[in-house]
Structure formats: structure tokens, C-alpha cells
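Structure first, commentary second.
The values are calculated or read from the model by the stated rules, or taken from the named source; none is laboratory data. Treat the numbers as computed from the prediction; the structure is a model and nothing was measured. Here Cβ is always computed from backbone atoms with ideal geometry, including for glycine, and neighbour counts include all displayed protein chains. Only protein heavy atoms, including side chains, enter the accessible area calculation; ligands, DNA and RNA are left aside. Shrake-Rupley method; radii C 1.70, N 1.55, O 1.52, S 1.80 Å.
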Amino acid sequence: MTTATADLCDKYIDRLAVLEPMLTNYGGKPAFEGVIVTVKVHEENKLVREALSLDGAGKVLVVDGGGSLRSALVGDQVAQLAIDQGWAGIVVNGCIRDSAAIGKMAIGLFAINTNPTRPAKHGFGLGNVPVSFGGVKFTPGEYLYADEDGIVVAMGPLG
């Protein structure tokens, strides 16, 4: 990423949605950007894994886990799958696990917190639908920028 979120806000604030400061980057990559792909799940990650098994070049997966803190939606194996498929990053409205390993991996992975409990794998949920949390609506096809200062969403690439 070449443009910092603070600089984007200075120049384009009227064209951006800014996520409330509620997530931490647990990944080893401090900044990322890309086209938004979404999944909406609750305490299970089968659809997360399925989405990340697809080509992710230039894309960011936004996972709306409803803010649940009861189980993790992404662990080190799923993060490695994302890296292998070229995903720019992952944003999780929920928890992750294997945070020490993920912290050494070349991926940005924002989440609310950690939880060692693994999720269910039933396949319930929705893919490629608009999701909302932290005061932002994440619509598939829009563009997300993330760095040490936060996460912003625009209709398309800026800068």
C-alpha cells in the first residue's frame, strides 16, 4: 500500500467510510488494500475457508461474525490458505486464534480479539452480501484500505 489511511482521510474524507476503532491487526503485514469480498457467518468458518480458497489477488475478505467472542473464525491454517491464494488481507468482526503464528505471517488480519476455541463447520451463512459493523457498510466490489491507523472504505481505488 502506498497511501496511508490518514492521508486518504485528509484528501477524500467526503468519499470514505471510516471504521470505528474496534479492531487490532494481528497479522505480520501492517498495511493492505483491495477489493472487498464478504461473508456473513456466526461462530463457524466453512464459508470463510471456501472464500479464501479462491483466487484473492487484489482482494480483501471482510468476515462479519456478528462480533461474537465465543470462537475463532480464522486460525493459522486459514491465514496460510489466504496467503497461498494471494489475498491482500482479512478483516474479521469476531475472533481469531493462533495469533503468535499469524503475527509472523505475511498477511494483514484485523479482528476484535483472540479466542482459542475452534469454530463449527456447518456451512451456514451468506457470501457476497453487504455487511455492516463499526459504523461502516462493507459492500462487495468496493475498496478497503487498512494500516496502523485504521480501516477506511471507498467506492473504488483512490490516490
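Count the lysine pairs in the chain whose Cα atoms lie under 18 Å apart, taking only pairs 8 or more positions apart in sequence or on different chains.
Value for the chain: 7.
Taking amide hydrogens as placed 1.01 Å from N in the peptide plane, the amide H of residue 133 sits under 5 Å from those of 138, each at least 5 positions away in sequence or on another chain.
When a/c is below 1.5 the answer is rounded, else prolate if a/b is larger than b/c, else oblate, so apply that to the stretch 29-159 with a ≥ b ≥ c taken from the square roots of the Cα gyration tensor eigenvalues. Rounded, because the longest to shortest axis ratio a/c is under 1.5. Comparing 79, 100, 17 in a Gaussian network model of the chain, where Cα atoms under 10 Å apart are tied by springs, the biggest mean-square fluctuation is seen for 100.
Sequence gap at least 6, Cα distance under 8 Å: using those rules, report the relative contact order of the chain to the nearest whole percent.
Value for the chain: 35 percent.
Mark the label point 7 Å from the Cα of residue 117 along Cα→Cβ and return the residues of the stretch 76-96 whose backbone N is within less than 16 Å of it. The answer is 94-96. Take each peptide in 130-138, 108-116, 33-41, count the other Cβ atoms within 10 Å of every residue, and average; sorted highest first, the result is 33-41, 108-116, 130-138. Rounded, prolate or oblate: pick one for the stretch 78-139, where a ≥ b ≥ c are the square roots of the eigenvalues of its C-alpha gyration tensor, a/c under 1.5 means rounded, and failing that, prolate if a/b is larger than b/c, else oblate. Since a/c stays below 1.5, the shape of the stretch 78-139 is classed as rounded.
Round to a whole angstrom and tell me the spacing of the C-alpha centers of the stretch 87-117 and the stretch 138-159. A separation of 18 Å, based on Cα centres. Computed over the chain, the per-residue total of -39500 (n - 2.57) for DSSP H runs of n ≥ 4 gives a 222 nm mean residue ellipticity of -4500 deg cm²/dmol, rounded to 500.
Which Cα, out of 13, 57, 45, lies furthest along the positive dipole direction of the chain (beta carbon charges, K/R +1, D/E -1)? The listed residue farthest towards the positive side: 45.
In whole percent, and with a 1.4 Å probe on the protein chains, what portion of the accessible area of the chain is carbon and sulfur? Roughly 51 percent of what the probe reaches on the chain is carbon or sulfur. Fully extending the segment from residue 20 to residue 124, taken as 0.36 nm per residue of separation minus the present Cα-Cα distance, adds 34.7 nm. Each Lys and Arg contributes +1 and each Asp and Glu -1, all at the Cβ; summed about the Cα centre of the stretch 1-104, the dipole is approximately 120 debye.
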